[in-house]
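The values are calculated or read from the model by the stated rules, or taken from the named source; none is laboratory data. Quantities reported herein were computed from a predicted structural model and do not represent experimental measurements. With ideal geometry, Cβ positions are generated from the backbone for all residues, glycine too; neighbour counts draw on all protein chains shown.
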Amino acid sequence: MKSIGLPFLLAVSAVRATAQDSVPEYVREHYVRTDHLISMRDGKRLFTSVYSPKDSTKSYPILLTRTPYGSDTYLRPTGPAEAFARAGYIFTFQDVRGRYRSEGTFVDVRPYLVKKSGPTDIDETTDTYDTIDWLLKNVPRNNGRVGQYGISYLGFYSTMGIIDAHPALKAVSPQAPVTDWFIGDDWHHNGAFFLADAFRFLYSFGVPRPEPTTRREPRFEFPTFDSYEYFLRLGPLRNIERDVYRGRAPFWNELMRHGTYDAFWTARTPLPHLRNVKPAVMTVGGWYDAENLWGTLAVYRAIEAKNPGAYNVLVMGPWFHGGWFLSDGSALGDVRFGAPTSDEYHTRIELPFFEHFLRDAAPAPPPEASMFETGTNRWRTFETWPPNETRAVVFYFDARGRLTADDKPSATGADEYVSDPARPVPYVGGIVRERPTTYMTADQRFASRRPDVLTYETEPLTADLTIAGPIEAELWVSTTGTDADWVVKVVDVYPDDYSGTDPNPTAIHLGGYEQLVRAEVMRGKFRNGYERPQPFVPGRPTRIKFTLPDVLHTFRKGHRVMAQVQSSWFPLVDRNPQKFVYIYRAGEADFQRATHRLYRGARSPSRLVFKALSR
């Protein structure tokens with residue numbers, strides 16, 4: 001199944017042409033649908049569709065999904081529809097406040113209200129609580145237990161359901177949950193603005209809706225197949241509102257107004273509030289999720305840290321954003337995983353999780369961490385994540401493009417390149433119209449051959465190297481400008497004589513393939529904190545330290561470990577003017593070429609720190 005890889009609404013819309021056609025035959029034959037307007041504590045009514053089994057001899061658990069994308073988009077039950085439908089659930093799909101057929105005012109990632117003094121003080125936790133309370137009292141033959149799940153923005157609503165949870169909410173699965181839109185999810189990574197995703201998504205999602213409706217806004221259609229060229233021609237970010245949006249997307253303007261980690265952003269993350277967690281939680285994500293990988297790991301870690309003894313588990317597979325729902329998970333681009341991993345997840349992990357906590361007699365729940373190991377293509381389980389049995393392996397950037405393990409180079413030196421905002425490094429090779437799901441595993445040879453990308457690699461490995469957990473990047477850098485982005489990529493370089501995979505439907509030759517394993521960007525002015533950006537002093541060596549999201553990957557014997565360092569990743573990330581300015585208001589004259597240096601050696605040891613798994 002082909003997907004463009006933009007936020008989950010776009011992917012789901014592409015595979016569900018009509019509401020009725022998306023309902024599996026078994027559901028049409030054995031379930032009945034009823035629609036309701038459920039009153040919240042402030043009197044606003046939320047549109048909710050309920051699918052109940054026709055068999056009236058049994059009682060069933062309720063499975064709740066809350067969405068801003070239109071409840072008719074999600075008529076198919078979670079995972080393999082047949083399995084869940086045959087097991088017997090009452091499926092409920094709700095338009096959140098202010099979206100589609102629900103009343104009220106929509107607020108993007110609505111903040112949690114810590115103190116509520118009356119019925120007009122509402123947030124997503126109260127709407128979830130009130131919905132569950134109504135369902136228990138008004139939907140016949142429910143067994144008194146409720147589960148909640150959702151992917152992406154729906155994952156955010158699932159996370160919010162955990163906070164101040166209704167006593168009947170027994171199992172929650174936030175899947176690729178939106179968690180923090182400045183630090184690591186969707187629109188920003190380490191303060192760097194993810195232009196391609198925000199631009200396309202907010203064009204259709206952010207349009208105000210004066211009253212309940214079923215109308216869907218049209219998607220933006222690029223006038224060219226070359227999005228790289230399109231965004232270059234648009235120029236600075238300040239041109240987008242004038243030339244494209246023209247008032248149609250209020251949240252775009254909020255993005256442009258809030259260029260630091262201010263109260264607007266800190267109020268919108270649920271992480272500080274994930275305390276006193278009562279439901280069982282299974283957080284699910286994909287290693288190649290371009291949108292909410294950070295949020296998936298952050299939700300799991302926050303619950304783990306703040307709730308000793310809570311049932312809190314993590315599942316990570318080799319998937320793009322929502323790939324466990326939109327594909328069979330057997331491949332991503334040129335990289336194959338040896339089996340339909342999505343099917344394995346649904347039958348062996350997801351269904352047993354809900355069955356265990358929503359029924360009296362059910363299979364054992366999933367273990368602490370169910371993780372797919374890429375490189376070797378196998379599922380593994382761990383008692384902790386990251387695993388306790390790891391050791392630090394340090395790779396230093398060395399002379400002549402070498403990446404050396406453990407021994408700090410004695411000789412001091414530096415490598416430099418010119419970064420030109422007029423010719424930024426693309427994030428994929430070739431011409432693309434929309435961001436592909438495959439860019440997070442794509443061949444990086446297009447980048448390693450550019451003069452504005454520094455490349456370092458090991459000798460061929462003499463044994464397998466498995467890394468498990470986050471990757472720490474520590475760079476010593478300088479610039480002739482006063483600001484810069486720093487992109488670090490970790491790459492698995494296949495042997496030149498690599499024979500490829502079987503099957504190989506695209507007939508791709510993988511000898512020398514430079515597979516992207518993990519990449520992340522740091523906007524340099526935020527190196528000492530997201531609240532107070534600081535300029536660089538031109539020419540002064542400065543340390544930048546940041547974390548690349550977790551991996552579980554094995555570099556096989558004979559492969560090489562490669563690191564790439566660059567200062568643009570366009571148009572995935574907007575261009576840094578390389579001048580210390582408020583980028584969202586920068587003009588053409590603010591963009592300037594700059595020479596960047598990466599220092600190495602004993603006095604300024606630029607390096608990567610891996611967590612290597614003992615075998």
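The number of residues in the stretch 436-461 being touching a Pro at 6+ places or on another chain (Cβ under 9 Å) and either outside the structural domain of residue 492 (by TED's automatic domain parsing) or modelled with pLDDT under 95 (or both) comes to 0. Checked against (1) surrounded by fewer than 17 Cβ atoms within 10 Å (Cβ to Cβ); (2) closer than 19 Å to residue 536 by Cα, residue 586 passes all but a single condition, namely (1). Listed conditions (1) under 22 Å from the mean Cα position of the chain (by Cα); (2) at pLDDT below 95; (3) in the same structural domain as residue 146 (by TED's automatic domain parsing) are all met by residue 309, apart from (1). Of everything in the stretch 275-289 that is surrounded by 24 or more Cβ atoms within 10 Å (Cβ to Cβ) and hydrophobic (A, V, I, L, M, F, W, C), the residue that is nearest to residue 187 (Cα to Cα) is 287.
Within the stretch 231-278, track down each residue that is in a loop (DSSP other than H, G, I, E, B), under 18 Å from residue 193 (Cβ atoms) and at pLDDT 95 or above. Working first, answer last.
From the stretch 231-278, those in a loop (DSSP other than H, G, I, E, B) are 235-237, 246-249, 258-262, 267-270, 274-278; that's our starting set.
Add one more test, that the residue is under 18 Å from residue 193 (Cβ atoms), and what stays is 235-237, 249, 258-262, 268-269.
If the condition is that a residue be in a loop (DSSP other than H, G, I, E, B), under 18 Å from residue 193 (Cβ atoms) and at pLDDT 95 or above, then 235, 236, 237, 258, 259, 260, 261, 262, 268, 269 are the ones that fit.
With a requirement of 1 or more residues that are closer than 16 Å to residue 311 by Cα, the strands (runs of 3 or more DSSP E) lying completely within the stretch 337-411 that satisfy it span 369-373, 378-382. Could you tell me whether the stretch 534-549 includes any residue that is part of a loop (DSSP other than H, G, I, E, B) and surrounded by 22 or more Cβ atoms within 10 Å (Cβ to Cβ)? The answer is yes, given that some residue of the stretch 534-549 is part of a loop (DSSP other than H, G, I, E, B) and surrounded by 22 or more Cβ atoms within 10 Å (Cβ to Cβ).
The number of residues in the stretch 583-602 being within 30 Å of the chain's Cα centre (by Cα) and closer than 19 Å to residue 486 by Cα comes to 5.
Kindly establish whether residue 430 is assigned to a loop (DSSP other than H, G, I, E, B), free of Cβ contacts under 8 Å to residues at least 40 places away in the same chain and not polar (S, T, N, Q). Criteria met by residue 430.
Can you tell me which of 104, 98, 118 is touching a Leu at 6+ places or on another chain (Cβ under 8 Å), assigned by TED's automatic domain parsing to the domain that holds residue 53 and over 27 Å from residue 358 (Cβ atoms)?
Sole residue among the options that is touching a Leu at 6+ places or on another chain (Cβ under 8 Å), assigned by TED's automatic domain parsing to the domain that holds residue 53 and over 27 Å from residue 358 (Cβ atoms): 104.
Given the criterion of a type in the set (A, V, I, L, M), surrounded by fewer than 19 Cβ atoms within 10 Å (Cβ to Cβ), outside any loop (DSSP other than H, G, I, E, B) and under 29 Å from the mean Cα position of the chain (by Cα), identify the matching residue among 609, 565. Matching residue, one of 609, 565: 609. Residue 170 meets each of the listed conditions (1) surrounded by 15 or more Cβ atoms within 10 Å (Cβ to Cβ); (2) more than 30 Å from residue 45 (Cβ to Cβ); (3) among the charged types (D, E, K, R) apart from (2).
Return yes or no: is residue 305 farther than 30 Å from residue 587 by Cβ, out of contact with any strand residue (DSSP E or B) (no Cβ under 9 Å at 6 or more places or on another chain) and among the hydrophobic types (A, V, I, L, M, F, W, C)? Criteria met by residue 305. For the stretch 47-72, filtered to residues that are in contact with a strand residue (DSSP E or B) (Cβ under 9 Å, 6 or more places away or on another chain) and surrounded by fewer than 19 Cβ atoms within 10 Å (Cβ to Cβ), the residue that is nearest to residue 130 (Cα to Cα) is 59. Within the stretch 157-164, can one find any residue that is on the phi < 0 side of the Ramachandran plot, surrounded by fewer than 24 Cβ atoms within 10 Å (Cβ to Cβ) and touching a helix residue (DSSP H, G or I) at 6+ places or on another chain (Cβ under 6 Å)? Yes, the stretch 157-164 has at least one match.
Closer than 30 Å to residue 166 by Cα and outside the structural domain of residue 306 (by TED's automatic domain parsing): is that true of residue 218 in this structure? Break it down stepwise before answering.
On the way: closer than 30 Å to residue 166 by Cα: no; outside the structural domain of residue 306 (by TED's automatic domain parsing): yes.
No: the conditions fail for residue 218.
Of all residue pairs spaced 6 or more apart or on separate chains, those with beta-carbon atoms under 7 Å, a first member in the stretch 282-293 that is more than 13 Å from residue 435 (Cβ to Cβ) and a second member that is buried (at least 24 other Cβ atoms within 10 Å of the Cβ) and of a type in the set (D, E, K, R) are 292/185; 292/186. If the condition is being free of Cβ contacts under 8 Å to residues at least 40 places away in the same chain and of a type in the set (Ser, Thr, Tyr), then the stretch 305-344 contributes 330, 341, 342. Are any of the residues in the stretch 408-419 modelled with pLDDT under 95 and on the phi > 0 side of the Ramachandran plot? No, there is no match, as no residue in the stretch 408-419 is modelled with pLDDT under 95 and on the phi > 0 side of the Ramachandran plot.
If I ask for residues that are buried (at least 18 other Cβ atoms within 10 Å of the Cβ), of a type in the set (A, V, I, L, M, F, W, C) and touching a strand residue (DSSP E or B) at 6+ places or on another chain (Cβ under 6 Å), which ones from the stretch 88-140 would you list? Within the stretch 88-140, 90, 91, 93, 96, 132, 135 qualify.
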